[in-house]
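Everything below concerns the one structure shown next.
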Amino acid sequence: MAMKKIKNEIRLNIPLDIYSEEALTQTAAVWRKKADVYIEKKNKKQATLTLEFKTNAALNREVAAEEFLNEALNQEYRQIVGRFNQKLTQLIVVQALCSASQTPPKDAAEALEPMVAAERAKEVDELMRRIREESGESAPKTAALA
Amino acid sequence: MAPTLKKTKPACDTKLTTFVSPSAAGEKLAPFYFRRLEDKFLITNDWGHHAILREKDFTDFTAAGIGKETPLWNDLASKGFIRESMDFQALSSDFISKNAFLKYAGPSLHMIVLTLRCNQKCHYCHASVVDPSQKSMDMTLETAKKTVDFIFSTPNPVLCIEFQGGEPMINWPAVKFIVEYAQKRAAWEKRKVILSMVTNFTLMTEEKLRYLMEKRVSICTSLDGPDFVHNQNRPFFGGGSSHDRVVHWIKRIQEICSAAGERTYYLPSALMTTTRFSLSYGKEIVDHYVSLGMSQVFLRALAPIGFAKRAWGSIGYSAEDFAAFYEKTLDYILDLNESGTPIVERLSLVLLTKILKRQDPGYMDLRSPSGAALSAVAYNHDGGIFAGDEGRMVAQEGDLLFKIGHVAEHSWQEAANHPTTAACAVASTLEGQPQCTQCAYKPYCGVEPVYHYETQDSISGNIPSSEWCNRHMKIFDILFRKLQNPRDRAIFEKWLDQDKCMWQESEQEHGHEKN
């Protein structure tokens with residue numbers, strides 16, 4: 001006989017003047033391993049959240065709801081702080097990313113005479129061959145990488 | 001009915017005191033952060049300056065009531081706390097020095113995982129190692145070449161290549177190839193390459209040691225403490241004691257360095273990892289490092305990543321427990337220093353470099369933004385490129401969130417512009433973090449995206465309930481308390497004068513270029 005699966009589920013009425021939709025979406029993403037979160041917007045001021053837990057283990061509903069709302073508060077606060085400090089954060093992050101992704105020093109190999117480049121390639125092949133020999137390895141029949 | 005909001009007590013006890021700052025007074029003060037430290041107040045600012053004030057002075061300060069040209073006013077003015085007297089040129093210079101890493105041209109640290117095989121089964125292993133029979137988990141020479149080619153395509157003029165694993169010496173051919181190929185490339189292209197090996201020493205031989213030392217590969221090992229602590233934490237695969245071999249090779253390298261003369265070779269270094277078992281043996285751990293002639297001990301906390309996450313129930317501990325261990329052990333180290341034994345605690349050195357010298361010590365876990373991908377990149381045995389070694393460890397558990405490319409398929413620009421790189425940078429910039437953005441320790445702190453992803457399912461984390469935050473705030477509290485003790489402060493200042501953080505030495509001594 002098929003057993004009806006009992007779902008661990010919580011429904012919350014959320015005031016949208018405290019928690020933005022974006023914060024709730026972020027919270028749902030953080031909770032992805034614990035529960036599937038469904039957001040149903042009733043009107044501009046209210047939404048209903050349904051949390052379907054991924055475990056059938058006994059659930060302390062009040063604690064779970066509070067934990068979810070704490071995370072939602074964290075995400076809301078992060079949105080507020082993010083907007084307030086947006087310009088400064090952008091300056092810092094863009095500086096760091098631009099510095100890190102600079103053009104590397106001019107590739108010496110590209111500028112080399114073909115003969116020098118060929119000699120260096122030969123040196124590297126010889127190095128690889130010597131190390132293989134020392135370790136008793138045979139060269140691979142096909143290259144491990146493209 | 002709207003749910004009742006019940007805020008969970010934050011893990012970090014900020015003990016903030018509210019005060020009313022009249023708007024007129026507020027206009028005279030430059031932006032600052034504050035925190036109560038028992039009967040005093042710590043104030044800090046984004047330039048990296050700090051002051052510790054008695055309660056009355058703090059009240060006067062916030063009311064802009066400190067007499068002009070008094071010693072206290074002059075001190076606060078010189079540190080950028082008084083709006084009318086800010087020397088922007090000097091303060092900008094302080095900010096740039098403290099945040100010099102923002103202008104570093106790409107990653108300086110490249111961690112190459114030569115194999116996932118290991119002959120030890122450490123209880124807290126982050127690397128999620130496999131047993132020594134699985135040769136398919138070794139990096140091939142072809143992948144090693146592609147990895148070095150990729151590293152040399154990154155823009156930093158100084159490249160630190162660190163061999164990791166598993167146990168990297170299991171894949172000795174790859175060690176030799178990378179050492180010699182990287183040194184050839186460095187000579188051809190006139191760049192600086194610094195090589196280091198992180199090894200458990202159990203596979204070391206005289207021949208391999210001579211090779212590494214002649215090639216100027218610095219060697220770092222794990223030494224968790226005296227034999228009963230080390231062997232408890234770091235058994236061999238299949239059981240057995242590893243401590244004696246570690247000690248043997250530390251002493252052997254010291255012998256060779258001593259015979260060769262100063263600065264011919266790198267002295268060995270060692271790191272300890274604190275487990276629940278270690279918490280009771282701080283004194284014994286320090287004594288052991290001293291007995292081996294080590295100049296530094298790094299009181300490192302355990303992070304719940306990899307094996308450690310699975311074993312946390314038996315080896316983990318709270319931030320409170322770690323802070324108690326840290327303070328007690330640091331007190332013992334300071335007592336030793338006072339009695340003439342100059343052993344340095346490395347975490348303190350890193351944090352004090354930020355606090356007292358307002359310089360970046362190169363400690364990537366406590367940068368804003370963190371060093372993930374921007375300063376440190378990890379290369380897996382199969383050529384995968386990751387935003388830091390912790391990100392690679394997450395991949396071992398099957399989650400590729402922190403993978404930013406492959407050495408055979410992507411360029412450095414593609415890896416640097418990967419969405420994960422940007423997401424980690426944004427998530428770890430403290431200006432965007434609740435609580436951090438108002439914290440007195442913000443000028444000296446940082447958050448780690450992978451740690452928070454593993455513990456709180458989010459790269460941004462939930463800082464008020466984060467054990468990372470809790471632990472670091474407690475350590476900062478301890479250090480700022482000790483800075484008020486003349487004996488402790490004098491010892492700290494001596495450490496800063498006489499010693500450099502290893503990364504500073506790598507980057508500054510070897511001409512790290514800043515633009």
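The values are calculated or read from the model by the stated rules, or taken from the named source; none is laboratory data. Just so you know, these numbers come straight off a predicted model, no measurement behind them. Counting neighbours? That spans all protein chains shown, and the Cβs are built from the backbone with ideal geometry, glycine included. When the accessible area is computed, the model is the full protein with side chains, heavy atoms only, and any ligands, DNA or RNA have been set aside. Shrake-Rupley method; radii C 1.70, N 1.55, O 1.52, S 1.80 Å.
Does B:S370 satisfy the criteria of being open to solvent by less than 10 Å² (accessible area, probe 1.4 Å) and among the hydroxyl-bearing types (S, T, Y)?
Yes, satisfied.
Please pick out the residue among B:I112, B:I151 that is β-branched (V, I, T) and over 30 Å from B:S242 (Cβ atoms).
Being β-branched (V, I, T) and over 30 Å from B:S242 (Cβ atoms) holds for just one of B:I112, B:I151, which is B:I151.
Restricting to segment A:67-104, name every residue that is in contact with a Leu (Cβ under 8 Å, 6 or more places away or on another chain) and within 8 Å of chain B (Cβ to nearest Cβ).
Correct list: A:L69, A:L73, A:I92, A:Q95, A:A96, A:L97, A:S99, A:A100.
Residue by residue, here is whether (1) open to solvent by 10 Å² or more (accessible area, probe 1.4 Å); (2) within 21 Å of A:R130 (Cα to Cα); (3) in contact with a strand residue (DSSP E or B) (Cβ under 6 Å, 6 or more places away or on another chain) holds:
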{"position": "B:P173", "(1), (2), (3)": "yes, yes, no"}
{"position": "B:K176", "(1), (2), (3)": "yes, yes, no"}
{"position": "B:I194", "(1), (2), (3)": "yes, no, yes"}
{"position": "B:V198", "(1), (2), (3)": "yes, no, yes"}
{"position": "B:K208", "(1), (2), (3)": "yes, yes, no"}
{"position": "B:E214", "(1), (2), (3)": "yes, yes, no"}
{"position": "B:L223", "(1), (2), (3)": "no, no, yes"}
{"position": "B:P235", "(1), (2), (3)": "yes, no, no"}
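Please indicate, with yes or no, whether at least one residue in segment A:85-96 is open to solvent by 80 Å² or more (accessible area, probe 1.4 Å), in a loop (DSSP other than H, G, I, E, B), among the basic types (K, R) and over 17 Å from B:G461 (Cβ atoms).
So far as segment A:85-96 goes, no, none of its residues is open to solvent by 80 Å² or more (accessible area, probe 1.4 Å), in a loop (DSSP other than H, G, I, E, B), among the basic types (K, R) and over 17 Å from B:G461 (Cβ atoms).
Exactly one condition in (1) of a type in the set (V, I, T); (2) within 14 Å of chain A (Cβ to nearest Cβ); (3) touching a helix residue (DSSP H, G or I) at 6+ places or on another chain (Cβ under 7 Å) is false for B:I151; which is it?
Here B:I151 clears every test but (3).
Conditions first: (1) within 11 Å of another protein chain (Cβ to nearest Cβ); (2) under 14 Å from B:M111 (Cα atoms); (3) modelled with pLDDT under 95. B:A174 passes all but one, so which condition is the exception?
Result: B:A174 passes all but (3).
Select from segment B:458-515 the residues that are within 14 Å of chain A (Cβ to nearest Cβ) and modelled with pLDDT of 90 or more and list them in ascending order.
Hits for segment B:458-515 are B:S458, B:I459, B:S460, B:G461, B:N462, B:I463, B:P464, B:S465, B:S466, B:C469.
Would you call A:A29 at the interface with chain B (Cβ under 9 Å from one of its Cβ atoms) and open to solvent by less than 60 Å² (accessible area, probe 1.4 Å)?
Yes: the conditions hold for A:A29.
When B:C160 is evaluated against the numbered criteria (1) farther than 22 Å from B:A373 by Cα; (2) in contact (Cβ under 8 Å) with a residue 24 or more places away in the chain; (3) more than 11 Å from chain A (Cβ to nearest Cβ), which criterion, by number, is the only one it fails?
(1)
Could you list all residues from segment B:276-289 that are open to solvent by less than 50 Å² (accessible area, probe 1.4 Å) and either in contact with a Ser or Thr (Cβ under 8 Å, 6 or more places away or on another chain) or β-branched (V, I, T) (or both)?
B:G282, B:I285, B:V286 - these are the residues of segment B:276-289 that are open to solvent by less than 50 Å² (accessible area, probe 1.4 Å) and either in contact with a Ser or Thr (Cβ under 8 Å, 6 or more places away or on another chain) or β-branched (V, I, T) (or both).
Residues being more than 12 Å from every other protein chain (Cβ to nearest Cβ) and of a type in the set (D, E): count how many of those fall in segment B:420-448.
The qualifying residues number 1.
Name the one entry in B:S136, B:S85, B:S108 that is under 31 Å from the mean Cα position of the chain (by Cα) and at negative phi.
B:S108
Restricting to segment B:377-399, and then to whatever is in contact with a strand residue (DSSP E or B) (Cβ under 8 Å, 6 or more places away or on another chain), open to solvent by 10 Å² or more (accessible area, probe 1.4 Å) and not acidic (D, E), can you tell me which residue is nearest to the other protein chains (Cβ to nearest Cβ)?
Top of the filtered list is B:H381.
Answer yes if at least one residue in segment A:5-24 is part of a helix (DSSP H, G or I) and among the aliphatic types (A, V, I, L, M), and no otherwise.
yes
Given (1) buried (at least 22 other Cβ atoms within 10 Å of the Cβ); (2) modelled with pLDDT of 95 or more, identify the lone condition not met by B:D149.
(1)
For segment B:237-268, which residues satisfy the criterion of being under 27 Å from the mean Cα position of the chain (by Cα), under 19 Å from B:Q164 (Cα atoms) and either open to solvent by 30 Å² or more (accessible area, probe 1.4 Å) or hydrophobic (A, V, I, L, M, F, W, C) (or both)?
Selection gives B:R245, B:V246, B:W249, B:I250, B:Y266, B:L267.
I'd like the full set of residues that are at pLDDT 95 or above and not in a loop (DSSP other than H, G, I, E, B), limited to segment B:377-391.
Selection gives B:V377, B:A378, B:Y379, B:G384, B:I385, B:F386.
So which residues in segment B:126-145 are out of contact with any strand residue (DSSP E or B) (no Cβ under 9 Å at 6 or more places or on another chain) and either at pLDDT 95 or above or open to solvent by less than 20 Å² (accessible area, probe 1.4 Å) (or both), if there are any at all?
B:S128, B:T140, B:L141, B:E142, B:K145
Look at B:E167 and say whether it is open to solvent by less than 30 Å² (accessible area, probe 1.4 Å), at negative phi and without any contact (Cβ under 8 Å) to a residue 60 or more places away in the chain.
Taking the combined requirement at face value, the residue satisfies it.
When you check B:V297 against the structure, is it among the hydrophobic types (A, V, I, L, M, F, W, C), more than 24 Å from B:L479 (Cβ to Cβ), crowded, with 17+ Cβ neighbours inside 10 Å and in contact (Cβ under 8 Å) with a residue 40 or more places away in the chain, yes or no?
Here the answer is no, as B:V297 does not meet what is asked.
State all residues of segment B:308-344 that are part of a loop (DSSP other than H, G, I, E, B) and open to solvent by less than 10 Å² (accessible area, probe 1.4 Å); if no residue qualifies, say none.
Across segment B:308-344, the qualifying residues are B:G316, B:I343.
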